[in-house]
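Below: the structure, in structure tokens.
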Amino acid sequence: MEKKRLYLASGNKHKQQEMQQILPDYEIRIPSDDGIDFDPVEDGKTFYENSLIKARALFELVHEPVIADDSGICVEALKGEPGIFTSRYAGPDYPHGRPDGKKISQDEQNKYLIGQLNATGAKNRNCHYTCAMVLLLNQDRFFVAQETFEGELIGSIEEQAGSGGFGYDPIVWLPQYKKTVAEISADEKNKISHRGKAVRAIAKILESLEF
């Protein structure tokens, strides 16, 4: 039987792979798979708003069901920063992104975030990832799931470890595993991650729908 197709409003192939692992009964496609140039302006004030912006923008291009997510890392001692600005974060001087719009490398982001937290002298190293996921069937019909994934930032950048996952995973410590997120397996991560939990909630909605 031919798999039903779902478009993922992202250019991130890591996210596409994670989504495909969790939704094996669907064909998960991203815009670049079809040669679509996709870079909407994410000017929402929350993860949910940015997720809906992306979903609606891609639906206008493909006119098929779309899944979109907006996610980021929130550090308690930094009042939830970088939050929705996670991908644009460029250190304490530019927590919401550089004025020229250029992004810095992930290695630099990791170093800056650990350094910024250490500079506060805060003992609280708690952080969590947030994922707001939207399943959009048409412009006025959509479903939302928002989930979190708790951990702690490592003490120094020298402690980063692991080659799995992506983004900030090498600097987020999971006490229950005694490993960073980047050191656990993909299956383990999908069971407990913000995105894994959100997409499973969306999967239950998909099971009850016909499209």
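The values are calculated or read from the model by the stated rules, or taken from the named source; none is laboratory data. Only a predicted model underlies this, so the values are computations on that prediction, with no experimental measurement involved. Ideal geometry is used to build each Cβ from the backbone, glycine not excepted, and the neighbour counts take in all protein chains shown. Quick note on the areas: whole protein, heavy atoms, side chains included, nothing else; ligands and nucleic acids left out. Shrake-Rupley method; radii C 1.70, N 1.55, O 1.52, S 1.80 Å.
List of remarks:
- Restricting the range 1-59 to residues that are touching a residue at least 40 places away in the same chain (Cβ under 8 Å) and more than 17 Å from the chain's Cα centre (by Cα), the residue that is farthest from residue 82 (Cα to Cα): 4
- Exactly one residue among 54, 15, 45 is closer than 30 Å to residue 111 by Cα and outside any helix (DSSP H, G or I), and that residue is 45.
- As a summary of the residue check, residue 112 satisfies the conditions (1) outside any loop (DSSP other than H, G, I, E, B); (2) in contact with a helix residue (DSSP H, G or I) (Cβ under 9 Å, 6 or more places away or on another chain); (3) open to solvent by 80 Å² or more (accessible area, probe 1.4 Å) except for the one numbered (2).
- Filtered residues of the range 115-146 (kept if aliphatic (A, V, I, L, M) and open to solvent by less than 50 Å² (accessible area, probe 1.4 Å)): 117, 122, 132, 133, 134, 135, 136, 137, 145
- Residues (in a helix (DSSP H, G or I), within 20 Å of the chain's Cα centre (by Cα) and surrounded by 18 or more Cβ atoms within 10 Å (Cβ to Cβ)) located in the range 191-211: 194, 195, 196, 197, 198, 199, 202
- Summed over the range 62-91, residues that are hydrophobic (A, V, I, L, M, F, W, C) and either within 13 Å of the chain's Cα centre (by Cα) or modelled with pLDDT under 95 (or both) total 6.
- Residues in the range 5-33 that are open to solvent by 30 Å² or more (accessible area, probe 1.4 Å) and either in contact with an Asp or Glu (Cβ under 7 Å, 6 or more places away or on another chain) or of a type in the set (Asp, Glu) (or both): 5, 25, 27, 33.
- Search result, residues across the range 34-63 that are open to solvent by 50 Å² or more (accessible area, probe 1.4 Å) and touching a Lys or Arg at 6+ places or on another chain (Cβ under 8 Å): 42
- Of the set (1) under 20 Å from the mean Cα position of the chain (by Cα); (2) without any contact (Cβ under 8 Å) to a residue 12 or more places away in the chain, all apply to residue 109 but (2).
- Residue 161 vs. criteria of a type outside the set (Asp, Glu), free of Cβ contacts under 8 Å to residues at least 24 places away in the same chain, open to solvent by less than 60 Å² (accessible area, probe 1.4 Å) and not in a strand (DSSP E or B): yes
- Residue list for the range 184-202, restricted to those being without any contact (Cβ under 8 Å) to a residue 40 or more places away in the chain and β-branched (Val, Ile, Thr): 184
- Test: residue in the range 133-143 that is outside any strand (DSSP E or B), within 20 Å of the chain's Cα centre (by Cα) and at pLDDT 95 or above: no
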